[in-house]
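Comments concern the structure below.
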Amino acid sequence: MDVDVDDVDVHVVDVDVVLPCLNEAEALPWVLARIPAGWRALVVDNGSTDGSAEIARALGARVVHEPRRGFGAACHTGLTAATADVVCFCDCDASLDPALLVPFVQEVRAGAADLVLGRRRARGRGAWPAHARAGNLALARLLRRRTGLRLRDLGPLRAARREPLLALGLTDRRSGYPLEMVVRAADAGWRITEHDVPYLPRTGASKVTGTWRGTWQAVRDMSRVLNEAPAREGIER
């Protein structure tokens, strides 16, 4: 029987927060300080050369290493390394506040949703470049045609249960990983919800959407995911 979302005490819930990390030494202290009490921060170092791994470890995070470059590679390594019932994902550049994941986890634990996503709402000049917003909007429209989902963003802030996520069999290891998760979840009949979250100017230089080239690469990766055949049906959630 489902429980009321507000009745879920997230501080006693088993939660891992996966934080893909590539040279985020400057942002890490703020991000890790915002992890909700009782949750575990799992920093996936993707080849940093600025001491990010050492800083994360010193601040109490668990650190795992993924030498293969790619956002999807880092995220999936974090997912497979996680042990919690509920796994969250958040960028490690201080553009998103991991404390915002609390109601996401409540919703998942209450059985009100299987996958909860954050719809980014830019706060501050330069938080979300125009070319990145345009690429995201185009992909959201293509996603609607492919799955029927009326999502407005494909952002990285999200929460779901670990075992069902692993069962989706995600294979993309580049920028298409977040979209592949949504597509396969939709194919499996998951209940997917979306909530507005503030999107802040990132700390440091963007690795993906800070340039036209990075945005184009992300759109190309995600378009490839949308062109794949529907995933197998009947994946448990």
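The values are calculated or read from the model by the stated rules, or taken from the named source; none is laboratory data. These numbers come from a predicted model, not from an experiment. Reconstructed Cβ throughout: ideal geometry from the backbone, glycine too, with neighbour counts over all protein chains shown.
Apart from one condition, G70 fits all of (1) modelled with pLDDT of 95 or more; (2) buried (at least 16 other Cβ atoms within 10 Å of the Cβ); the exception is (1). For region 8-25, the condition of being assigned to a loop (DSSP other than H, G, I, E, B) and without any contact (Cβ under 8 Å) to a residue 24 or more places away in the chain holds for at least one residue.
For region 160-177, the set of residues classified as modelled with pLDDT under 95 and either crowded, with 22+ Cβ neighbours inside 10 Å or on the phi > 0 side of the Ramachandran plot (or both) consists of D172, S175, G176, Y177, listed by residue number. Contact map, region 122-150: first residue over 13 Å from S95 (Cα atoms) and surrounded by 16 or more Cβ atoms within 10 Å (Cβ to Cβ), second residue modelled with pLDDT of 75 or more and of a type in the set (K, R), Cβ cut-off under 7 Å, separation 6 or more or different chains; pairs are A140/R152. L154 meets each of the listed conditions (1) without any contact (Cβ under 8 Å) to a residue 24 or more places away in the chain; (2) crowded, with 21+ Cβ neighbours inside 10 Å; (3) of a type outside the set (F, W, Y) apart from (1).
Quick grid of which residues meet (1) surrounded by fewer than 18 Cβ atoms within 10 Å (Cβ to Cβ); (2) of a type in the set (K, R); (3) over 19 Å from P103 (Cβ atoms); (4) modelled with pLDDT under 95:
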site: D2; (1), (2), (3), (4): yes, no, no, yes
site: L22; (1), (2), (3), (4): no, no, yes, no
site: L32; (1), (2), (3), (4): no, no, yes, no
site: G51; (1), (2), (3), (4): yes, no, yes, no
site: G60; (1), (2), (3), (4): yes, no, yes, no
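Give all pairs with beta carbons closer than 7 Å in which a residue from region 58-70 that is within 20 Å of R34 (Cα to Cα) and without any contact (Cβ under 8 Å) to a residue 60 or more places away in the chain meets a residue that is in a helix (DSSP H, G or I) and of a type in the set (K, R); count only pairs at least 6 apart in sequence or on separate chains. The qualifying pairs are V63/R57.
Residue-level analysis places A41 outside the set of residues that are at pLDDT 95 or above, small (G, A, S) and surrounded by fewer than 18 Cβ atoms within 10 Å (Cβ to Cβ). Among the residues that make up region 16-23, is at least one of them acidic (D, E), in contact with an Asp or Glu (Cβ under 7 Å, 6 or more places away or on another chain) and closer than 25 Å to V116 by Cα? No: zero hits.
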